[in-house]
1. Within segment 90-147, which residues are assigned to a helix (DSSP H, G or I), of a type in the set (Gly, Ala, Ser) and within 16 Å of the ligand (Cβ to nearest atom)?
2. Yes or no: segment 28-35 includes at least one residue that is in contact with a helix residue (DSSP H, G or I) (Cβ under 9 Å, 6 or more places away or on another chain), on the phi < 0 side of the Ramachandran plot and open to solvent by 50 Å² or more (accessible area, probe 1.4 Å).
3. So in segment 196-237, with the set limited to residues that are out of contact with any Asp or Glu (no Cβ under 7 Å at 6 or more places or on another chain) and basic (Lys, Arg), which one is surrounded by the fewest Cβ atoms within 10 Å (Cβ to Cβ)?
4. Sort out which residues of segment 187-229 are assigned to a helix (DSSP H, G or I) and not hydrophobic (A, V, I, L, M, F, W, C), and write them in order of number.
5. Out of (1) assigned to a helix (DSSP H, G or I); (2) β-branched (Val, Ile, Thr); (3) surrounded by 14 or more Cβ atoms within 10 Å (Cβ to Cβ), the odd one out for Ile272 is which?
6. Got a number for residues in segment 148-163 being outside any loop (DSSP other than H, G, I, E, B), in contact (Cβ under 8 Å) with a residue 24 or more places away in the chain and surrounded by fewer than 19 Cβ atoms within 10 Å (Cβ to Cβ)?
7. Are any residues in segment 12-53 of a type in the set (A, V, I, L, M, F, W, C), within 16 Å of the ligand (Cβ to nearest atom) and more than 21 Å from Tyr335 (Cα to Cα), and if so, which ones?
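The values are calculated or read from the model by the stated rules, or taken from the named source; none is laboratory data. The shown structure was predicted, so the numbers you read here are calculated from the model rather than taken from an experiment. Positions of Cβ are generated from backbone atoms using ideal geometry, with glycine treated the same way; all protein chains shown enter the neighbour counts. In case anyone asks, the SASA skips ligands and DNA or RNA and just uses the protein heavy atoms, side chains included. Shrake-Rupley method; radii C 1.70, N 1.55, O 1.52, S 1.80 Å.
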Amino acid sequence: MGKAMIIGCGGVARAAIHKCCQNSGVFEEIMIASRTKSKCDALKASLEGKTETVIKTARLDADKKEEIIALINEFKPDVVLNLALPYQDLTIMDACLETKTHYVDTANYEPLDTAKFEYKWQWAYRERFEKAGITALLGSGFDPGVTGVYCAYAMKHYFDEINYIDILDCNGGDHGYPFATNFNPEINIREVSAKGSYWENGNLIETEPMEIKRVYNFDGVGEKDMYLLHHEELESLGINIKGIKRIRFFMTFGQSYLTHLKCLENVGMTSIVPIEYKGMKIVPLQFLKAVLPDPASLGPRTVGKTNIGCIMRGKKDGKDVNYYVYNICDHQECYKEVGSQAVSYTTGVPAMIGAMLVMTGIWQKPGVYNVEEFDPDPFMDALNKHGLPWIENFNPVLVD
Ligand code: NDP
């Protein structure tokens with residue numbers, strides 16, 4: 001049915017590419033384009049003979065708009081799926097604009113020198129995408145991504161207004177290392193060492209990092225400590241969900257992770273301000289990334305499950321409604337299927353689904369949109385079909 005160009009070849013891309021290859025009826029041809037071409041070639045070699053999807057590879061520096069434009073012009077994809085890092089979002093969007101190609105990503109733009117992610121830079125492309133007649137779908141991972149689709153689905157089928165949303169992201173997995181991150185260490189540490197925030201009555205209320213802690217008993221995982229973090233979907237859901245009063249995002253962390261992180265922070269290893277070392281400029285966090293285990297290598301060692309979902313409270317026909325929708329995913333099952341652990345899998349599957357819906361025209365609308373702005377039903381059906389089935393509970397235990 002179409003051609004997708006996938007940029008990046010890390011943990012998330014690996015899962016998404018496997019899923020595209022299981023769905024050859026839609027993804028007839030894919031181009032895997034990333035900074036290190038040998039990774040793209042190795043992945044292609046591991047998939048060949050097991051899929052009908054025709055796979056091409058290319059070296060690409062996605063910080064360079066001209067390189068992206070040249071590759072798009074050569075391959076002529078129907079959609080570009082950006083699974084590189086948030087720093088590349090804008091150059092890739094610029095290239096899509098110039099070539100009139102649809103765009104999908106999983107994480108919002110972050111400037112390299114400021115650990116602050118916001119949608120304002122990407123939302124500023126709205127008019128230009130509208131004029132060019134192409135769609136940009138932002139944040140089609142799990143969170144953001146599936147969490148926004150869950151909210152849109154709840155709004156469509158169960159609520160007249162949703163007043164409170166708690167997004168709970170639990171990773172009950174164990175990789176056996178004292179300290180490692182489940183996705184790109186630089187992005188992960190920037191996210192968790194930043195100030196927390198929650199959305200309330202139209203404003204983002206800031207908290208100190210890890211200031212707010214709760215304990216929750218997760219289906220399939222058990223009881224875990226979780227901490228309130230700032231997260232990008234607060235910004236878009238705060239605008240797109242009718243009747244919303246408060247949105248919070250919680251993520252689970254084990255004590256060992258937090259103790260290591262505190263220590264690394266205290267000695268300055270998580271800083272993004274370059275330091276001078278033997279005549280060289282080094283960013284401590286980038287150096288730390290180089291010494292930590294590659295998230296892609298955690299797959300074979302990680303056991304346990306993730307449980308990610310949204311608890312919503314609101315009203316339907318004047319009556320109170322509580323609703324919890326979530327997915328449970330098993331690290332080892334994911335590894336067996338696509339060679340990545342569940343954190344990459346739960347992001348890669350929705351990335352493939354987003355690209356599929358845009359490419360097939362089901363989710364096409366000129367402009368720049370977040371996932372909750374489209375009809376959630378085809379996405380929810382696809383989640384059940386492609387490995388991330390969801391569970392509903394109309395009488396959930398609430399966070400407070
Ligand atoms: P990885 O670090 O494993 O992979 C990133 C890939 O991008 C690597 O292959 C890297 O190349 C490539 N890359 C980096 N810079 C460039 C560049 N300038 N040009 C071309 N390719 C480049 O990260 P993940 O797979 O863990 O994460 C991918 C994305 O998914 C991130 O944006 C992350 O924030 C997002 N994410 C979203 C989630 C969600 O639920 N919405 C959850 C988890 C992640 P090389 O191999 O050379 O390093």
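1. As a first pass, look at segment 90-147 and keep what is assigned to a helix (DSSP H, G or I): 90-99, 120-123, 126-132, 146-147.
Next, from what is left, pick out any that are of a type in the set (Gly, Ala, Ser): 95, 132.
Of everything in segment 90-147, just one residue is assigned to a helix (DSSP H, G or I), of a type in the set (Gly, Ala, Ser) and within 16 Å of the ligand (Cβ to nearest atom), namely Ala95.
2. The answer is no, given that none of the residues of segment 28-35 is in contact with a helix residue (DSSP H, G or I) (Cβ under 9 Å, 6 or more places away or on another chain), on the phi < 0 side of the Ramachandran plot and open to solvent by 50 Å² or more (accessible area, probe 1.4 Å).
3. Arg214
4. Asn188, Arg190, Glu191, Ser193
5. (1)
6. Summing the residues that are outside any loop (DSSP other than H, G, I, E, B), in contact (Cβ under 8 Å) with a residue 24 or more places away in the chain and surrounded by fewer than 19 Cβ atoms within 10 Å (Cβ to Cβ) in segment 148-163 gives 3.
7. Selection gives Ile30, Met31, Ala33.
Listed here are the residues, each with its yes/no results for (1) more than 13 Å from the ligand (Cβ to nearest atom); (2) open to solvent by 10 Å² or more (accessible area, probe 1.4 Å); (3) of a type in the set (A, V, I, L, M).
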| site | (1), (2), (3) |
| --- | --- |
| Val321 | yes, yes, yes |
| Tyr345 | no, no, no |
| Ala351 | no, no, yes |
| Leu357 | yes, no, yes |
| Trp363 | yes, no, no |
